[in-house]
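Below: the structure, in structure tokens.
The values are calculated or read from the model by the stated rules, or taken from the named source; none is laboratory data. Just so it is clear, the structure is predicted and the values come from calculations on it, not from any experiment. So basically every Cβ, Gly included, is an ideal-geometry build from the backbone, and we count neighbours across all protein chains shown. SASA here: full protein model, heavy atoms, side chains in, ligands and nucleic acids out. Shrake-Rupley method; radii C 1.70, N 1.55, O 1.52, S 1.80 Å.
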Amino acid sequence: MSIKSILYALVLTIIIGLIIGFRPIIINGGSMLPTLTWGDIIIVYKPAQNEFKVGDILTYQFGSGTLVTHRIIDIDENGYFYTQGDNPNNDPD
């Protein structure tokens, strides 16, 4: 397989992913160490609200638009998520 074919397949995969709602995000912090580290690329999508469970990693918009990627540590009876990074030096959000 040629480099040109591989690049074409990669570009096509990215375009299809964007069309159906998948989006690449580059990790630029240390709150999820050692699971995710600076420069890691993750793929995010918007699942249904009832698909989330404790232990899932999610990316959400915080405050002025900053994207945060953390793990769900609890979901209360109203469906609110409590998250925390995997780095042991972090406090829950």
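Going by alpha carbons, how many degrees (0 to 90, nearest 10) lie between the helix axis of 3-19 and the longest principal axis of the chain? On a 0 to 90 degree scale, this one is about 40. The stretch 61-88 and the stretch 8-36 have Cα centres separated by 19 Å.
Across the stretch 21-36, computed HN-Hα scalar couplings (Karplus, 6.51 cos²θ - 1.76 cosθ + 1.60, θ = phi - 60°) run x, 8, 9, x, 10, 9, 6, 10, x, x, 5, 9, 4, x, 5, 10 Hz from first to last residue, x flagging Gly and Pro. In this Cβ point-charge picture (+1 for Lys and Arg, -1 for Asp and Glu), the chain has a dipole of about 600 debye about its Cα centre.
Normalising the average separation of contacting C-alpha pairs (under 8 angstrom, six or more residues apart) by the number of residues puts the relative contact order of the chain at 20 percent. From the coordinates of this entry, volume of the Cα convex hull per residue in Å³ is computed, and it appears in [x] 138; [y] 100; [z] 90 under the label [x].
Here the chain exposes an accessible surface that is 61 percent carbon and sulfur, computed with a 1.4 Å probe and the other protein chains kept in place. Accessible surface for the chain, divided over its residues, is 76 Å² per residue with a 1.4 Å probe.
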